[in-house]
1. Between 130, 158, 154, 163, which is free of Cβ contacts under 8 Å to residues at least 60 places away in the same chain and under 30 Å from the mean Cα position of the chain (by Cα)?
2. Report yes if some residue within region 170-181 is in the same structural domain as residue 124 (by TED's automatic domain parsing), part of a loop (DSSP other than H, G, I, E, B) and free of Cβ contacts under 8 Å to residues at least 60 places away in the same chain; otherwise report no.
3. Mind checking which residues of region 125-153 are over 19 Å from residue 176 (Cα atoms) and part of a helix (DSSP H, G or I)?
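The values are calculated or read from the model by the stated rules, or taken from the named source; none is laboratory data. This structure is a prediction, so every number in the text was calculated from the model and none was measured. So basically every Cβ, Gly included, is an ideal-geometry build from the backbone, and we count neighbours across all protein chains shown.
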């Protein structure tokens, strides 16, 4: 017990002697706070540029949104106009189309529906050959011609509507009905004279 007390006293005395030396630093004082920087002109440059940059960023975002909307709504209109221009190149002249329809109508009035539909199909083949001479080959059937990808969709659709009843009549041995003739006539008329044929 006495030994422990004297050891504690010895350590305490040694510590006191150590603390008495002024060249040894025992405390870590906090550094003095630095004063805030003084900006010339009152506002820092970052504050001066912040709102113009926000405005430019907002304008850029609005521009990109507007451009995306414009392109989204413009593409179908441009595609439609392009398709219409392409179809116009394939349409027969109005006078020729009306003359052909009048001739075919006269046949149909006499009950010759198969001949009338065949006439429309034959003249359509002539129109295709005139516009694309190398497109048609003698071995192609009407059904195959209606699938040729070089033809615009509207041309293929009208041609297929005329070809189907004619093929049934010529190769199927069926007499063409008035309804089948009218469907073929409508297909030709809607393509050749859109919105105008009677």
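1. Answer to the selection: 158.
2. Yes, the conditions are met somewhere in region 170-181.
3. 125, 126, 127, 128, 129, 130, 131, 144, 145, 153
Here's the yes/no breakdown for (1) surrounded by fewer than 12 Cβ atoms within 10 Å (Cβ to Cβ); (2) modelled with pLDDT of 85 or more:
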| residue | (1), (2) |
| --- | --- |
| 34 | yes, no |
| 47 | yes, no |
| 64 | yes, yes |
| 76 | yes, no |
| 81 | yes, no |
| 92 | no, no |
| 97 | no, yes |
| 107 | no, yes |
| 110 | yes, yes |
